[in-house]
Amino acid sequence: MADSPVILTIDVTATELAEIDVLIDQGVVHSREDFLNRAVRQELERNRAIIQTVSAEEPHGKSLDTLVGSYTYTDQDILEQLKQGTRSKLFIIGHLNLSKITNEGNLFKAIKTITVVGKLTASPTVVAHYQGS
């Protein structure tokens with residue numbers, strides 16, 4: 001699933017900005033945004049082992065579901081989870097969207113804990129329920 005872009009403000013020196021502009025003028029990158037996107041992707045790839053180590057750890061126990069990326073859960077997803085008869089413990093690196101959930105009671109029955117490194121989109125009730133879980 002594709003993530004929605006997040007606007008990020010950074011500080012660079014005048015010299016660094018000028019060097020980026022030289023790369024643009026020379027056709028190495030198309031724009032400042034292109035340069036920054038490439039730099040972020042390269043740094044993430046260079047540190048992929050760290051991200052995988054963190055996502056593989058199970059701070060909540062053996063039944064931890066670790067997901068990296070952007071995920072949206074619906075009432076139907078929660079009903080499927082309830083049919084399985086297990087309570088999930090979610091560890092998300094990225095974005096978890098629970099805003100489509102209308103039956104919060106079922107959500108609370110199906111998912112025991114949620115830890116998000118990134119962004120959680122959910123009702124205030126859901127956020128409060130899982131805060132510190």
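The values are calculated or read from the model by the stated rules, or taken from the named source; none is laboratory data. Just so it is clear, the structure is predicted and the values come from calculations on it, not from any experiment. Cβ sites come from the backbone with ideal geometry, for glycine too, and all protein chains shown count toward neighbours.
From the list 114, 51, 93, which one is modelled with pLDDT of 90 or more, β-branched (Val, Ile, Thr) and surrounded by 14 or more Cβ atoms within 10 Å (Cβ to Cβ)?
Values: 51 fails: modelled with pLDDT of 90 or more; 93 fails: modelled with pLDDT of 90 or more.
Criteria check complete, one pass: 114.
Sort out which residues of region 73-87 are hydroxyl-bearing (Ser, Thr, Tyr) and surrounded by fewer than 16 Cβ atoms within 10 Å (Cβ to Cβ), and write them in order of number.
Answer for region 73-87, where residues must be hydroxyl-bearing (Ser, Thr, Tyr) and surrounded by fewer than 16 Cβ atoms within 10 Å (Cβ to Cβ): 74, 86.
Please go through region 3-37 and give me each residue that is loosely packed, with under 10 Cβ neighbours inside 10 Å, over 28 Å from the mean Cα position of the chain (by Cα) and outside any helix (DSSP H, G or I), ordered by number.
Selection gives 13, 26, 27.
Take the conditions modelled with pLDDT of 90 or more, part of a helix (DSSP H, G or I) and loosely packed, with under 13 Cβ neighbours inside 10 Å and apply them to residue 109. Does it pass?
The answer is no for residue 109.
What residue, of 64, 36, 79, is in the same structural domain as residue 119 (by TED's automatic domain parsing) and modelled with pLDDT of 90 or more? Break it down into steps so the answer makes sense when it comes.
Numbers: 64 fails: modelled with pLDDT of 90 or more; 36 fails: in the same structural domain as residue 119 (by TED's automatic domain parsing).
Selected residue: 79, the only one of 64, 36, 79 that is in the same structural domain as residue 119 (by TED's automatic domain parsing) and modelled with pLDDT of 90 or more.
Could you run through region 112-133 and say how many residues are at positive phi and assigned to a strand (DSSP E or B)?
Here the count works out to 1.
Taking region 79-106, which residues are closer than 30 Å to residue 44 by Cβ, in a loop (DSSP other than H, G, I, E, B) and out of contact with any Phe, Trp or Tyr (no Cβ under 8 Å at 6 or more places or on another chain)?
Once the filter is applied, which keeps residues that are closer than 30 Å to residue 44 by Cβ, in a loop (DSSP other than H, G, I, E, B) and out of contact with any Phe, Trp or Tyr (no Cβ under 8 Å at 6 or more places or on another chain), region 79-106 yields only 99.
State yes or no: is residue 105 in contact with a strand residue (DSSP E or B) (Cβ under 7 Å, 6 or more places away or on another chain) and not β-branched (Val, Ile, Thr)? Can you show your working first?
On the way: in contact with a strand residue (DSSP E or B) (Cβ under 7 Å, 6 or more places away or on another chain): no; not β-branched (Val, Ile, Thr): yes.
No.
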